[in-house]
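Written out below as structure tokens is the structure these notes cover.
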Amino acid sequence: MYKLQRHELVQNLRLKGISDEAVLKAISKVEREKFVQSVMKPNAYKDIALPIGQGQTISQPYTIAVMTEALQIKKGDKVLEIGTGSGYQAAVLFEMGAKVYSIERNIDIYNQVLKKFEKLGVRVHCKCGDGTLGWDAYSPFDKIIVTAGAPNIPDALKKQLAINGKMIIPVGTMSSQTLKVLTKIEQNEFEIEEIPQFAFVPLIGREGWKE
């Protein structure tokens, strides 16, 4: 039903500078309208963030594309996602062939997204908990993506990133963040690139913003 809109969204992302064909292909296949509230479906392919309830949002498609492209996802990568939310980002990663582990702190959103994944056949390992602490039992991860803005980079996530792995996380104030792209060189050594001017909901948790 929304095939044309998905195509137009992908073309728009190309114009904005997204060039990773695997990312664009995944976005062209994942049905974003199935990850938004019914009343929001007409806006599903506008390049904007949309509310999903509980004070959370589904990120702007451009933001999803920038973050996914920065991680340089390869088929078979073990990816930790902090903030399952609507499930759309996890679905894009799954479509790209990643093995996705995702943590959601809100129990109501967690229960909703589990049903959604089952219905859509999206196979993601999920748990409800404090994402700032990561998921040590399954570490190390090739890639880590944090979909909420943090005051700093949680130490737990740094430790759970594999050597040569990449993590992307928005860091800054409650209202404005810079995307930091970390590449782990050694156990305590990281190269960091920055992509400025993004805005995410706050990352709540022991190593994030306090409730």
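Would you confirm whether or not region 42-63 contains a residue that is under 29 Å from residue 175 (Cβ atoms), of a type outside the set (Ser, Thr, Tyr), under 14 Å from the mean Cα position of the chain (by Cα) and open to solvent by 40 Å² or more (accessible area, probe 1.4 Å)?
Scanning region 42-63, I find at least one residue that is under 29 Å from residue 175 (Cβ atoms), of a type outside the set (Ser, Thr, Tyr), under 14 Å from the mean Cα position of the chain (by Cα) and open to solvent by 40 Å² or more (accessible area, probe 1.4 Å), so the answer is yes.
Hey, does region 4-13 have a residue that's touching a residue at least 24 places away in the same chain (Cβ under 8 Å), assigned to a loop (DSSP other than H, G, I, E, B) and open to solvent by less than 70 Å² (accessible area, probe 1.4 Å)?
No, there is no match, as no residue in region 4-13 is touching a residue at least 24 places away in the same chain (Cβ under 8 Å), assigned to a loop (DSSP other than H, G, I, E, B) and open to solvent by less than 70 Å² (accessible area, probe 1.4 Å).
Criterion applied to 127, 143 was being assigned to a strand (DSSP E or B) and surrounded by fewer than 19 Cβ atoms within 10 Å (Cβ to Cβ), and the one residue passing it is 127. Beta carbons closer than 8 Å, at least 6 apart along the sequence or on distinct chains, pair a first residue in region 91-112 that is outside any strand (DSSP E or B) with a second that is open to solvent by 40 Å² or more (accessible area, probe 1.4 Å) and at pLDDT below 95 for 106/54; 108/54; 109/54. Within region 130-140, the set of residues being open to solvent by 50 Å² or more (accessible area, probe 1.4 Å) and either touching a Ser or Thr at 6+ places or on another chain (Cβ under 7 Å) or in a loop (DSSP other than H, G, I, E, B) (or both) comprises 140 only.
What number of residues within region 156-172 satisfy the criterion of being of a type in the set (Lys, Arg) and surrounded by fewer than 20 Cβ atoms within 10 Å (Cβ to Cβ)? Lay out the reasoning, then the answer.
Here is the first cut: in region 156-172, the residues of a type in the set (Lys, Arg) are 158-159, 166.
Add one more test, that the residue is surrounded by fewer than 20 Cβ atoms within 10 Å (Cβ to Cβ), and what stays is 158-159.
Selection size over region 156-172: 2.
In region 173-194, how many residues are open to solvent by 50 Å² or more (accessible area, probe 1.4 Å), assigned to a strand (DSSP E or B) and closer than 25 Å to residue 50 by Cβ? Number satisfying all stated conditions: 0.
Considering 93, 80, which residue is at pLDDT 95 or above, buried (at least 24 other Cβ atoms within 10 Å of the Cβ) and touching a Phe, Trp or Tyr at 6+ places or on another chain (Cβ under 9 Å)?
Of the residues listed, the single one that is at pLDDT 95 or above, buried (at least 24 other Cβ atoms within 10 Å of the Cβ) and touching a Phe, Trp or Tyr at 6+ places or on another chain (Cβ under 9 Å) is 80.
Name the one entry in 19, 86 that is surrounded by 19 or more Cβ atoms within 10 Å (Cβ to Cβ), at pLDDT 95 or above and either within 27 Å of residue 178 (Cβ to Cβ) or within 15 Å of the chain's Cα centre (by Cα) (or both).
Details: 19 fails: surrounded by 19 or more Cβ atoms within 10 Å (Cβ to Cβ).
The unique qualifying residue is 86.
When region 81-90 is filtered for residues that are in a helix (DSSP H, G or I) and either of a type outside the set (A, V, I, L, M, F, W, C) or in contact (Cβ under 8 Å) with a residue 60 or more places away in the chain (or both), the ones remaining, listed by number, are 88, 89. Taking the criterion of being open to solvent by less than 60 Å² (accessible area, probe 1.4 Å) and not in a helix (DSSP H, G or I), the only residue of region 31-41 that qualifies is 36.
The values are calculated or read from the model by the stated rules, or taken from the named source; none is laboratory data. Since the model is a prediction, treat every value here as computed from it, not as a measurement. We place every Cβ from the backbone using ideal geometry, glycine too, and count neighbours over all the protein chains shown. These accessible areas exclude ligands, DNA and RNA; they are computed on the full protein's heavy atoms, side chains included. Shrake-Rupley method; radii C 1.70, N 1.55, O 1.52, S 1.80 Å.
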